[in-house]
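> I'd like to ask you about the structure that follows.
The values are calculated or read from the model by the stated rules, or taken from the named source; none is laboratory data. Just so we're clear, the structure is a prediction, and the values are computed from it rather than from any experiment. Glycine also receives a Cβ, built like all others from the backbone with ideal geometry; neighbour counts cover every protein chain displayed.
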Amino acid sequence: MDARLEAVRDTVLARNPGESEFHQAVSEVFESLGPVHDRHPEFLEAAILERLCEPERQIIFRVPWTDDSGRVQINRGFRVEFNSALGPYKGGLRFHPSVYLGIVKFLGFEQIFKNALTGMPIGGGKGGSDFDPRGRSDAEVMRFCQSFMTELYRHIGEYTDVPAGDIGVGGREIGYLFGQYKRITNRYESGVLTGKGISWGGSLVRPEATGFGTVIFTEEMLKTRGSSFDGQRVVVSGSGNVAINAIAKAQALGASVVACSDSSGYVVDEAGIDVGLLRQVKEVERGRLKDYALRRSGVSYVETGSVWDVDATVALPCATQNELDGGAAARLVRNGLLAVGEGANMPSTREAVAVFQEAGVLFGPGKAANAGGVATSALEMQQNASRDSWSFDHTEQRLTDIMVGIHHRCASTADEYGDPGNYVLGANIGGFVKVADAMLAQGLI
Ligand code: GLU
């Protein structure tokens, strides 16, 4: 890493002790930025990086609620409003027991660059809670969401901060959150949240967008080598919204998706994952992958090891951060891997990324490859602002154009900075320069 940047990085790490995921995300970005600062000394002079690493605002709050047996439960809520140089803070809410400030800050930091790469007018933010929706009744989830919004409402708004979903927050949770916001504020402010239901201000394609976008970005990478998804053997991790829609899109492009996972194990289905059954088990019944294996013949369910033990030519990690380590990466490379498209945020460890890059595997980092979700959220905001709703085909075409555009921006930035095919460098520099220019223009903010 460039010595000037190393000093800034060390200060950031020391100022934010114990937040290992945030440290990882910051260090990865800093490793790419040396050449930018050679060309743009004004960014260093104006301390853009120091400012970028300090969130504009961080909100931490108590979320009290009662469970179905009448007992009082307390969770912690977060919203980190990281950067608003390009637009209102934009990013999802994650409800998962692992959530703490370091996770929210890593996600918010990534979101700044991701959102810049989309070309849409959105800043970066992220939030969530250590609440675990798993095993909770709809009524408990509703009471939690209502309590969460009873604090959050004062911090958000269509021109201020626009939350959406992430792990543990889907259409059901966005519905409860929106209902409570509307009740407290007495405003039908559609643009305050995205990921809404289609009959009350949501956008077609938003549910599919992250998974579809990941596959579209990966297809663009494959095209640079004269290849495509057609005939590829694909392994996907996860089995939530992103994974399911990535599987559907990869199969529509002619790939065979042979495995996917949840936090208890993975399934191998050599005939190709049955997306209809997977949706029924995971989305309708809110069940586990084990149930998928029980209901389909010829499927094995494996509880030990990792889904990355299954050979693939294309890997789509769509579960969570640091789920694919150096050992798994080396194994995949040995077994003929061509490309990786990250549907999740930072699913590959730094060692894994190094293994992929050294082996010449096409590697699409999450902040580029999974930007289709937030980009379609920005399309939802556009529809809300104009009180319009677009057709599925029109919205999908917009998503495709945006993903092809992000691929082009990353690839051409990597070329410009002398490292062709390095999408990590292209995404980090491409996103950074856009935000840094805006921050410079707006004075000392
Ligand atoms: N949570 C998603 C992400 O990581 C989507 C955010 C949004 O739609 O605002 O980008």
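> Read through the list (1) within 16 Å of the ligand (Cβ to nearest atom); (2) polar (S, T, N, Q); (3) more than 15 Å from the chain's Cα centre (by Cα), then give the number of the only condition that THR224 fails.
Result: THR224 fails condition (1) only.
> Within segment 207-228, how many residues are surrounded by 24 or more Cβ atoms within 10 Å (Cβ to Cβ) and either under 30 Å from GLY179 (Cβ atoms) or aromatic (Phe, Trp, Tyr) (or both)?
6
> Which ones in segment 370-423 are within 15 Å of the ligand (Cβ to nearest atom) and either among the charged types (D, E, K, R) or touching a strand residue (DSSP E or B) at 6+ places or on another chain (Cβ under 9 Å) (or both)? I'd like the intermediate steps shown before the answer.
Within segment 370-423, the first condition is being within 15 Å of the ligand (Cβ to nearest atom), and the residues that meet it are 370-384, 395, 398-399, 402-403, 406.
Once the filter is applied, which keeps residues that are within 15 Å of the ligand (Cβ to nearest atom) and either among the charged types (D, E, K, R) or touching a strand residue (DSSP E or B) at 6+ places or on another chain (Cβ under 9 Å) (or both), segment 370-423 yields ASN370, GLY373, VAL374, SER377, ALA378, GLU380, MET381, ARG398.
> Buried (at least 17 other Cβ atoms within 10 Å of the Cβ), over 22 Å from the mean Cα position of the chain (by Cα) and of a type in the set (Val, Ile, Thr): is that true of VAL314 in this structure?
no
> Right, next: Taking segment 79-100, which residues are among the aromatic types (Phe, Trp, Tyr) and buried (at least 24 other Cβ atoms within 10 Å of the Cβ)? Full working, then the answer.
We begin by selecting, within segment 79-100, every residue among the aromatic types (Phe, Trp, Tyr); these are 82, 89, 95, 100.
Correct list: PHE82, TYR89, PHE95.
> Can we say ILE74 is in contact with a helix residue (DSSP H, G or I) (Cβ under 9 Å, 6 or more places away or on another chain) and farther than 17 Å from ASP166 by Cβ? Steps first, answer last, please.
Details: in contact with a helix residue (DSSP H, G or I) (Cβ under 9 Å, 6 or more places away or on another chain): no; farther than 17 Å from ASP166 by Cβ: yes.
No.
> Which count do you get for residues in segment 320-351 that are closer than 23 Å to ASN241 by Cβ, in contact with a strand residue (DSSP E or B) (Cβ under 7 Å, 6 or more places away or on another chain) and either of a type outside the set (Val, Ile, Thr) or surrounded by fewer than 24 Cβ atoms within 10 Å (Cβ to Cβ) (or both)?
Residues that pass the stated criteria total 9.
> Can you go through ARG9, ARG62, ARG71, ARG4 and tell me which one is more than 21 Å from ALA441 (Cβ to Cβ) and either of a type in the set (Gly, Ala, Ser) or within 24 Å of the chain's Cα centre (by Cα) (or both)? Break it down stepwise before answering.
Numbers: ARG62 fails: either of a type in the set (Gly, Ala, Ser) or within 24 Å of the chain's Cα centre (by Cα) (or both); ARG71 fails: either of a type in the set (Gly, Ala, Ser) or within 24 Å of the chain's Cα centre (by Cα) (or both); ARG4 fails: either of a type in the set (Gly, Ala, Ser) or within 24 Å of the chain's Cα centre (by Cα) (or both).
Answer to the check: ARG9.
> Within segment 251-268, can you find the residues that are surrounded by fewer than 23 Cβ atoms within 10 Å (Cβ to Cβ), part of a strand (DSSP E or B) and either in contact with a strand residue (DSSP E or B) (Cβ under 8 Å, 6 or more places away or on another chain) or at pLDDT below 95 (or both)?
The answer is SER256, VAL258, GLY265, VAL268.
> If GLU110 passes every condition in (1) crowded, with 24+ Cβ neighbours inside 10 Å; (2) of a type in the set (Asp, Glu); (3) more than 16 Å from the ligand (Cβ to nearest atom) but one, which one does it miss?
(3)
> Next question, about the same structure. So, in segment 52-78, exactly how many residues are more than 14 Å from GLY125 (Cβ to Cβ) and either crowded, with 16+ Cβ neighbours inside 10 Å or polar (S, T, N, Q) (or both)?
Number of matching residues: 8.
> Oh, and also: In segment 388-433, what residues are assigned to a loop (DSSP other than H, G, I, E, B) and touching a residue at least 12 places away in the same chain (Cβ under 8 Å)?
Let us first name the residues in segment 388-433 that are assigned to a loop (DSSP other than H, G, I, E, B), namely 388-391, 417-422.
Matches in segment 388-433: SER389, TRP390, SER391, TYR417, GLY418, GLY421, ASN422.
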